[in-house]
Amino acid sequence: MTIDALRSALAEVLPDARRDLEDLVRIPSLSCDPGSAAEVRRAADVVAAHAGAAGAADVQIVSAGGAPAVIAIWPAPEGAPTVLLYAHLDVQPTGPL
């Protein structure tokens, strides 16, 4: 892929990716607030939907006694390295300023 082709591809997908990220960070998913549990779950649902739309072969939302986590798997070609991506989908409070 040439640099021009890469720039063109990014210019095509970046506006939607940015909109999706802006929508996600607007969800008030403050995980330390029990009253925000539905919003934390909504954030997990949004992330799971994006992973599925991006072609993940398997998407699960798991909650083993804590906040929900999204596990999405894109199988790699045989012999390819495994990559783990990790990120929080919940909001953490700033604490005392």
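Under the combined filter of DSSP loop state and at most 15 neighbouring Cβ atoms within 10 Å, the chain retains these GluC sites (Glu not before Pro): GLU78. Against the chain, whose longest principal axis comes from its Cα atoms, helix 3-25 is set at around 10 degrees. Comparing ALA49, ALA69, ALA17 in a Gaussian network model of the chain, where Cα atoms under 10 Å apart are tied by springs, the biggest mean-square fluctuation is seen for ALA17.
At 1.002 mPa s and 20 °C, plugging the Kirkwood radius over alpha-carbon pairs of the chain into Stokes-Einstein gives what diffusion coefficient in µm²/s? Value of D from the Cα-based Kirkwood radius: 137 µm²/s.
Per residue, the accessible area of segment 1-87 comes to 76 Å² when a 1.4 Å probe rolls over the protein heavy atoms. Of all the accessible heavy-atom surface of segment 16-60, with the other protein chains kept in place and a 1.4 Å probe, what percent is carbon and sulfur? Carbon and sulfur together cover 55 percent of it. Amide H of SER31: which non-local residues (sequence gap of 5 or more, or other chain) have their own amide H closer than 5 Å, using H built in the peptide plane? So SER31 has HN proximity to VAL91.
Calculated FRET efficiency, ALA80 and GLU22, Cβ-Cβ r, R0 25 Å, to nearest 0.05? Efficiency at R0 = 25 Å is approximately 0.20. Stretching ALA69 away from ILE3 to a fully extended chain increases their span by 20.2 nm, per 0.36 nm per residue minus the current alpha-carbon distance.
The values are calculated or read from the model by the stated rules, or taken from the named source; none is laboratory data. Note that the structure is a prediction, hence the values are computed from the model and not measured. So basically every Cβ, Gly included, is an ideal-geometry build from the backbone, and we count neighbours across all protein chains shown. To get the accessible areas, we keep the full protein, side chains included, count just its heavy atoms, and leave off ligands, DNA and RNA. Shrake-Rupley method; radii C 1.70, N 1.55, O 1.52, S 1.80 Å.
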